[in-house]
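Rule-based calculations on the coordinates, nothing more; no lab input. Bear in mind the structure is a predicted one, so any value in this text is a computation, not a measurement. Please note: Cβ atoms are built from the backbone with ideal geometry, for glycine as well, and neighbour counts cover all protein chains shown.
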Amino acid sequence: MVFNTGATLLDAIVLAVVSKEPEGTYGYKITQDVRQVIELSESTLYPVLRRLQKDECLEVYDLECGGRNRRYYRVTARGWAQLSLYKSEWQSYSEKITGLFEGRIEK
C-alpha cells in the first residue's frame, strides 16, 4: 500500500480484528488477520498491542497451548467504546476522501 498507516489507524485496525473473537485472540493470529488488509510485521504489531493494553482498550491473559503459554488479547469495555468512535470517524473520513476522488466535493 502506498499510503502511510499511522498509529491511530493501526490501533483501529487491531481493535477491529481482536473484536471479531469474543474470547480474545493471540498475537500471531492478529498479525495474520491484519495482513489481509495491510502489510504489518510482528515487530510493528506488539507495540500497538502494548499501547492498547496501556490505554485499557485491551486486556491480556495467558492460556496453555501445546505445553506453552500463549498470550491472548480481548477488547475491554473501554476498547469497545474506542472502536465505536473509530468506526464513526472512519465512515465520515472515508466518505469525504471518496467524494474528493470522485469529484463530488464542491469548491
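Listed values, structure above:
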| quantity | calculated |
| --- | --- |
| Nonlocal amide H pairs with Thr76, under 5 Å, H built at 1.01 Å | Leu58, Glu59 |
| Gain in span if fully extended, Asp55 to Ser88, counting 0.36 nm per residue against the direct Cα distance | 9.9 nm |
| Normalised alpha carbon radius of gyration of region 7-101 [divisor 2.2 N^0.38 Å] | 1.15 |
| Likely footprinting exposure, Asp55, Asp33, Asp11, fewest C-beta neighbours within 10 Å first | Asp55, Asp33, Asp11 |
| Percent RCO, i.e. relative contact order, over the chain, from Cα pairs under 8 Å lying at least 6 residues apart | 26 |
| Spin-label pair Glu64/Ser19, simplified geometry with 7 Å Cα→Cβ offset, distance in nm | 3.4 |
| Length released on extending from Tyr28 to Ala7, taking residue separation times 0.36 nm less the Cα-Cα span | 5.6 nm |
| Efficiency of FRET from Cβ geometry, Glu39 and Thr76, R₀ 30 Å, rounded to 0.05 | 0.65 |
| Whole-angstrom gap from region 53-69 to region 1-26, using each part's C-alpha centre | 16 |
| Point-charge dipole on Cβ atoms (K/R +1, D/E -1) for the chain, about Cα centre, debye to 20 | 100 |
